[in-house]
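What follows is a short report on a single structure.
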Amino acid sequence: MQLLPTQEMVKKISDSWSFVSGSAFNFKESQRYTFHNHDNLMAVVLPLYIDRLPQHESIAIGLIVDDAEAQKIASHMFGLSFDELSDDDVKDAKKETCNIMGGGLIVDNHSELGLPTEIPLEEFFELQKTATFSRLFVSDKPNEDLVNLVIFDVNNHKFSGVFSL
């Protein structure tokens, strides 16, 4: 398994986000998350199974997006106004966005993506804290803390097949 070079990853992430959101959006690699208040944020986590076996996952792709941006995605994705969107529409849009964005980042013929799962941010940080590598990409919009995408290895013995601690 190998990851794409950073510049290719940035381009794929930016292009994927523009596709799902309907507006041009650029990303950059970062050393820190860009959100300040994470009391109500959730993370969508997408497992990558090596050799297509659920017990052999080693990479996870996490998407952290605020509610306002998630509603914009859902509205564009489903062709609905904000008033017509349900909470499930917004959750589905976040999961599908993680799937689309994460699916193009791994170059490997022997791996398979799992199903994206939404978890509280604190659980996400717990899952990520034992990672031996992590690559963080954040939105390039100044003064906006909208979107964070992180790719990391899962090195947690409690973790097997599903994202729960």
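Using the heavy atoms of the protein chains and a 1.4 angstrom probe, tell me the accessible area per residue for region 70-121 in square angstrom. Please report the intermediate quantities before stating the final value.
Numbers: 2720 Å² over 52 residues.
Here the per-residue accessible area is 52 Å².
Under a plain spin-label model, where a point goes 7 Å from the Cα along Cα-to-Cβ, how far apart in nm are Glu8 and Lys91?
Placing both labels 7 Å beyond Cα along the Cβ direction yields 3.6 nm.
Note down the nm distance, to one decimal, between modelled labels 7 Å out along Cα→Cβ at Phe78 and at Ala131.
Taking the simple label geometry, Phe78 and Ala131 are separated by 2.9 nm.
The values are calculated or read from the model by the stated rules, or taken from the named source; none is laboratory data. Note that the structure is a prediction, hence the values are computed from the model and not measured. With ideal geometry, Cβ positions are generated from the backbone for all residues, glycine too; neighbour counts draw on all protein chains shown. These area figures cover heavy atoms from the full protein model, side chains too; ligands, DNA and RNA do not enter into them. Shrake-Rupley method; radii C 1.70, N 1.55, O 1.52, S 1.80 Å.
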